[in-house]
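The values are calculated or read from the model by the stated rules, or taken from the named source; none is laboratory data. As the structure is a prediction and not an experimental result, all values here were calculated from the model. Note: ideal-geometry Cβ built from the backbone for every residue, glycine included; neighbour counts use all protein chains shown.
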Amino acid sequence: MTPALFAALIAARAAKQPVVLATRLPTGAQLLLPDPAAPADLAEAACDALRDDRSGTVTLAGGDWFLRAYNPPLRLVVVGAVHIAQALVPMAAQLGLAVVVVDPRRAFASAERFPNVTISTDWPDEAIDALAPDARTAVVTLTHDPKLDDPALDRALRSAAFYIGALGSRRSHAARLGRLRALGHDETALARIRGPVGLDIAAVTAPEIALAVLAEFVAVRRGARLGVRAG
């Protein structure tokens, strides 16, 4: 790898930009993608590698390439430092997610209850604005309190977050959608919210609900076909 290419790779990773290091086999020639000068089939293969979070060798018209995908870490923003969050956060960490817990109630959002986790005690709308969810970010609201959940969902819907979920019954979710419509969100936007959040596994306990949420998260992330959601 040339010094210039190495510097470009380091800079992209520091800026949390998704890139692919493409190595031509067997010559060892390298490109950092996206690159407007790259062949179209190589650029498409690089996009596939980033989408699937998978590195490997591809055979294209121009020969064989090894594609090394460098994606920013997946993030999970949990709004509500409640007991379900205490079960959800450790499970999410085991999946390699960078977790942020958001709750302005400092008695709940404490290092004692969430050790080794990034905590924001800003109001949810301010926290979501600062976190700037991108296409590798999920936002899940757990408080059941419209004063906290609604502003977070409002901001999440205005972002590129790939997964948005909200805890609550079907009745409370219907009321929530009405409030979000009043904030200017149309049906296409509202359909992005998975509510009640989680796969329907008849979850009752906090760990079971956390498992249902993460199962749905993984399914959405991997493009699985989903059936009925929890609730």
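Just a yes or no: is a residue in the range 167-190 closer than 16 Å to V77 by Cα, crowded, with 19+ Cβ neighbours inside 10 Å, in contact (Cβ under 8 Å) with a residue 24 or more places away in the chain and within 22 Å of the chain's Cα centre (by Cα)? Scanning the range 167-190, I find at least one residue that is closer than 16 Å to V77 by Cα, crowded, with 19+ Cβ neighbours inside 10 Å, in contact (Cβ under 8 Å) with a residue 24 or more places away in the chain and within 22 Å of the chain's Cα centre (by Cα), so the answer is yes.
Let's see how each residue does on (1) assigned by TED's automatic domain parsing to the domain that holds V101; (2) out of contact with any helix residue (DSSP H, G or I) (no Cβ under 7 Å at 6 or more places or on another chain); (3) of a type in the set (V, I, T); (4) in a strand (DSSP E or B):
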{"position": "A135", "(1), (2), (3), (4)": "yes, yes, no, no"}
{"position": "A138", "(1), (2), (3), (4)": "yes, no, no, yes"}
{"position": "T143", "(1), (2), (3), (4)": "yes, no, yes, no"}
{"position": "K147", "(1), (2), (3), (4)": "yes, yes, no, no"}
{"position": "P151", "(1), (2), (3), (4)": "yes, no, no, no"}
{"position": "A160", "(1), (2), (3), (4)": "yes, yes, no, no"}
{"position": "I164", "(1), (2), (3), (4)": "yes, no, yes, yes"}
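Counting only residues that are touching a strand residue (DSSP E or B) at 6+ places or on another chain (Cβ under 6 Å), surrounded by 13 or more Cβ atoms within 10 Å (Cβ to Cβ) and not in a strand (DSSP E or B), the range 54-74 holds 1 of them.
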